[in-house]
Amino acid sequence: MANKRLREIVGVFSSLGITTLKEKNKLIEDKTTPIKLRMAFEKLGPSFVKIGQILSTRSDLLPEPYVKELSKLQSKVPPISKDIVMTAIQNELPKPIDGIFLSVSEEPLASGSVAQTHLAKLLDGREVVIKIQRPHLAEIVEEDLNLLIRLSRRIPRKFIPMVNITDVLYQLKDSLTVEIDFRNEAKAMIDFADINQSVRCIAVPEVFEEFTTQHMVVEEYISGIPINHYEDLIHAGYDLEDIGKKLMLSFIKQVFKDGYFHGDPHPGNLLIKDGKIYFIDFGIMGKLEDAMRAGLNDILYSFTAQDVDGMTQ
């Protein structure tokens, strides 16, 4: 099975012409190569899309054209066909779809490397979002990352001296294992809402636990304004500086006080509605132990007190 997948990986890179650019430095300098690399990651599926997404944040490792092209993987992932999606949703439900939902949109709201989301209506008329996992995702991720870990051990350390590739892949495997069990995401939403219930400007969509499984989450639909749609926010009467202050204070609380924070706060995961900042997509969460939080608080205090010795300590 591993050999078959390896041949598939090599085949995809070869079909796009990436492995045929043998002249020295041609691979880096060729202007079409970043596009080809992004296309290869898309063709090879969720494990590679996730790796590409991580690489898109590492301008210290890759030239700017690669970072720019791979960043498209954050939002431009090919969707699953409607037939496969409906079958996947039905497989997670205890009764027929029309016994739970009045309607389920065939077109996705968003499509990512791990899952895609669809707008739906419950029988009582409430609008919800169904987040359904890509079929066979766990098996694909397990196989791909085990294969890449084995291959990484053959890469000379001097090739990329600043990173231990094998360790990075093990960490990626651990984080993806948690991320692709959607029961963890549902619990994170509930826990985050509970911890921040006293913060009136922060909100989380309601989770419908009765329809949540390892492969699917059903949650309240928030028809908010994305936090980076500045003109829309101003037109709706919001003060951008006020939103910025509230968001910053929220993160300070999450990190320095709670030690439990949203781990993927890009603009697509922050919506403004009814005077509240809604956090969505809780697939990645960050946790800090007490000792680490205490150390960070000491650094912050020393910084505000302009205590250089304290910061050094």
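Summary of values
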{"item": "Accessible area of ILE190 in the full protein assembly, 1.4 Å probe (Å², nearest 10)", "result": "70 Å²"}
{"item": "Contact order relative to length of the chain, as percent, for alpha carbon pairs under 8 angstrom and 6 or more apart", "result": "11 percent"}
{"item": "Carbon/sulfur fraction of accessible area - the range 180-313, other protein chains in place, 1.4 Å, %", "result": "54 percent"}
{"item": "³J(HN,Hα), Karplus 6.51/-1.76/1.60, whole Hz, each residue of the range 193-204, x for Gly, Pro", "result": "4, 5, 5, 9, 5, 8, 8, 5, 8, 10, 9, 9"}
{"item": "Gain upon complete extension [GLU107, ALA138; 0.36 nm per residue less C-alpha separation]", "result": "8.8 nm"}
{"item": "Amide H partners (placed H, <5 Å) of ASN196, local residues excluded", "result": "none"}
{"item": "Residue-normalised accessible area of the chain, given per residue in Å² at a 1.4 Å probe", "result": "58 Å²"}
{"item": "Where chymotrypsin sites (Phe, Trp or Tyr not before Pro) fall in DSSP loop in the range 270-313, at most 15 other Cβ within 10 Å", "result": "none"}
{"item": "DSSP-assigned coil residues among trypsin sites (Lys or Arg not before Pro) in the range 59-109, each with at most 13 further Cβ atoms within 10 Å", "result": "LYS76"}
{"item": "Semi-axis lengths, Å, the range 53-189, gyration tensor of Cα atoms, sqrt of 5 times eigenvalues", "result": "36, 17, 12"}
{"item": "DSSP beta bridge pairing in the chain, given as percent antiparallel to the nearest 5", "result": "95 percent"}
{"item": "Filtered trypsin sites (Lys or Arg not before Pro), the range 171-272: DSSP coil and at most 16 other beta carbons within 10 Å", "result": "ARG200"}
{"item": "Descending principal axes extents, the range 226-284, alpha-carbon based, whole Å", "result": "35, 21, 16"}
{"item": "Intensity falloff of the range 62-113 expressed as log10 I(q)/I(0), Debye formula with alpha-carbon point scatterers, at q = 0.28 Å⁻¹", "result": "-1.09"}
{"item": "Overall Cα dimensions of the range 206-309 - principal axes, largest extent first, Å", "result": "50, 40, 17"}
{"item": "The range 48-123 - percent of accessible surface contributed by carbon and sulfur, probe 1.4 Å", "result": "57 percent"}
{"item": "Phi to ³J(HN,Hα) by Karplus 6.51 cos²θ - 1.76 cosθ + 1.60 over the range 84-93, Hz, x for Gly, Pro", "result": "5, 4, 5, 5, 5, 5, 4, 5, 9, 9"}
{"item": "Mean residue ellipticity (222 nm) of the chain, computed from DSSP H runs ≥ 4 via -39,500 (n - 2.57), nearest 500", "result": "-13500 deg cm²/dmol"}
{"item": "Radius of gyration, Dmax [the chain; alpha carbons; angstrom]", "result": "21.9, 65"}
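The values are calculated or read from the model by the stated rules, or taken from the named source; none is laboratory data. Predicted, not measured: the structure shown is a model, and the values here were computed from it. Every residue, glycine among them, receives a Cβ derived from its backbone with ideal geometry; neighbour counts consider all protein chains shown. The area values use the complete protein model at the heavy-atom level, side chains included, leaving out ligands, DNA and RNA. Shrake-Rupley method; radii C 1.70, N 1.55, O 1.52, S 1.80 Å.
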